[in-house]
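Input: a single structure, listed below in structure tokens.
The values are calculated or read from the model by the stated rules, or taken from the named source; none is laboratory data. These numbers were taken from a predicted model, which means no experiment stands behind them. FYI the Cβ positions are ideal-geometry reconstructions off the backbone, even for glycines, and counts take in every protein chain you see. Ligands, DNA and RNA are excluded from the accessible area calculation, which covers all protein heavy atoms including side chains. Shrake-Rupley method; radii C 1.70, N 1.55, O 1.52, S 1.80 Å.
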Amino acid sequence: MLTYYSDDHHLHHGSCELMDGQLVPCFEKPQRAEHVLARVKERQLGAIHGPSDFGRAPLLRIHSAAYLDFFEGAWARWQAEQGQGDLLPYTWPARTLSERLPSSLHGQLGYYSFDAGAPITAGTWQAAYSAAQVALSAQAAIAGGAHSAFALCRPPGHHAAGELMGGYCYLNNAAIAAQAFLDQGRTKVAILDVDYHHGNGTQSIFYARNDVLFTSIHGDPVAEFPFFLGYADELGEGSGAGYNLNLPLAAGSGWDVWGAALETACQRIAAYGAEVIVVSLGVDTFKNDPISQFKLDSPDYLRMGQRIAALGLPTLFVMEGGYAVAEIGINAVNVLEGFQNA
Ligand code: OKP
Ligand code: ZN
């Protein structure tokens with residue numbers, strides 16, 4: 001399997017996040033991608049390519065120009081204000097407030113985010129832009145005839161909506177790639193989000209559409225981030241009604257429960273008649289993940305890849321979460337090897 005990867009992810013390195021009332025070092029750090037890349041090499045998964053540059057146009061199919069302009073220019077504005085440290089939002093247009101766009105940097109930052117988990121640093125735009133190009137490059141490989149490809153994206157993307165950053169995400173790499181398939185003539189794309197956290201951004205982007213089926217297995221939002229989306233009764237709306245499948249699971253779920261949910265998702269994808277699958281590949285379902293509550297073990301990721309392969313469809317894997325740093329590589333590459341050896 002071909003892997004696409006850019007060193008530019010190193011340009012994004014937030015200093016801290018809020019956890020249980022304390023500022024702690026960011027869990028979403030450069031070593032994550034380094035471990036995955038090292039494992040891809042160690043297992044000789046296949047060639048590793050840098051991304052091509054498809055420009056802004058494919059990003060604009062998912063994100064608004066206003067959002068991209070804000071994100072690209074935010075760091076320079078922060079520097080012009082003599083800002084110290086990472087740029088982080090602290091006020092959001094929650095219920096009872098208006099959805100006006102203020103003129104101030106922090107006002108606009110609140111408008112374009114849903115939490116304080118997506119710090120903007122000097123290189124965040126470039127890193128996120130390159131991650132999106134990595135996803136598009138892997139997508140192009142599949143469009144060109146490859147049966148599968150791995151986009152080793154960092155930062156991740158599945159929490160990012162059309163005009164929102166949050167949850168470590170800025171640009172929705174999986175959604176951008178899914179849209180590229182459609183723009184190149186495919187008519188039915190399925191997204192399978194196996195990250196521990198619900199992909200609220202991806203769901204919202206495709207919620208009213210039937211050309212992308214969104215399926216997700218995740219920690220029940222009643223108890224888990226992102227809390228405000230990801231419930232089983234969210235089925236899609238308008239022409240997208242019936243094209244959104246959420247499979248929330250209780251904390252402590254292991255392969256018996258998780259694998260059954262995967263079976264349900266895969267059967268839905270097959271019934272849909274998908275032509276291609278985009279897998280939002282988070283491996284924070286691992287038993288030792290520091291911020292998650294599922295109990296998958298490393299061999300389970302081989303089974304995951306095997307079941308996805310049984311769908312028999314061209315498959316684009318897009319890296320999302322996973323924070324047990326040393327094991328991320330083993331678990332992510334196990335999915336890819338399980339797929340490839342099936
Ligand atoms: C991103 B991905 C505690 C609160 C925030 C955010 C989790 C984002 C996960 N510091 N937790 O889906 O792996
Ligand atoms: Zn996650």
Work from the charge dipole of the chain (Cβ charges, +1 for Lys and Arg, -1 for Asp and Glu, about the Cα centre) and give the residue of 231, 14, 162 farthest towards its positive end.
162
Protection proxy (average C-beta count within 10 Å per residue), highest first, orders 244-250, 294-300, 173-179 as 173-179, 244-250, 294-300
Taking the mean number of other Cβ atoms within 10 Å as a proxy for protection, how do you rank 28-40, 144-156, 8-20 from highest to lowest?
144-156, 28-40, 8-20
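Rank-order 283-291, 48-56 by packing density, defined as the average count of other C-beta atoms within 10 Å over each peptide's residues, highest first.
Numbers: 283-291: 21.2, 48-56: 14.7.
Ranked from most to least packed, the peptides come out as 283-291, 48-56.
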Given axes a ≥ b ≥ c from the Cα gyration tensor, I'd like to know whether the chain is rounded (a/c under 1.5), prolate (a/b larger than b/c) or oblate.
rounded
Report the label-to-label distance for residue 122 and residue 260 in nanometres (one decimal), using points 7 Å from each Cα along the Cα→Cβ vector.
5.2
Magnitude of the Cβ-charge dipole of region 76-158, K/R +1 and D/E -1, about the Cα centre, nearest 20 debye?
100
Find how many whole Å separate the alpha carbon centroid of region 273-306 from the alpha carbon centroid of region 26-88.
22
Relative to the present Cα-Cα distance, how much length would full extension add between residue 211 and residue 81 at 0.36 nm per residue of separation?
42.4 nm
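Probe of 1.4 angstrom, ligands and nucleic acids ignored: what's the accessible area per residue over region 281-334, in square angstrom?
That works out to 28 Å² per residue.
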On a straight-distance basis, which lysines could pair with residue 287 in a cross-link, Cα separation under 27 angstrom, same-chain partners fewer than 8 positions away excluded?
29, 41, 295
Suppose the chain between residue 94 and residue 222 were pulled fully straight at 0.36 nm per residue; how much longer would it get relative to their current alpha carbon spacing?
44.2 nm
Checked region 194-342 against the a/c 1.5 cut and the a/b vs b/c comparison, axes a ≥ b ≥ c from its Cα gyration tensor; verdict oblate
Stretchable slack from residue 250 to residue 44, in nm (0.36 nm times residue separation minus alpha-carbon distance)
70.6 nm
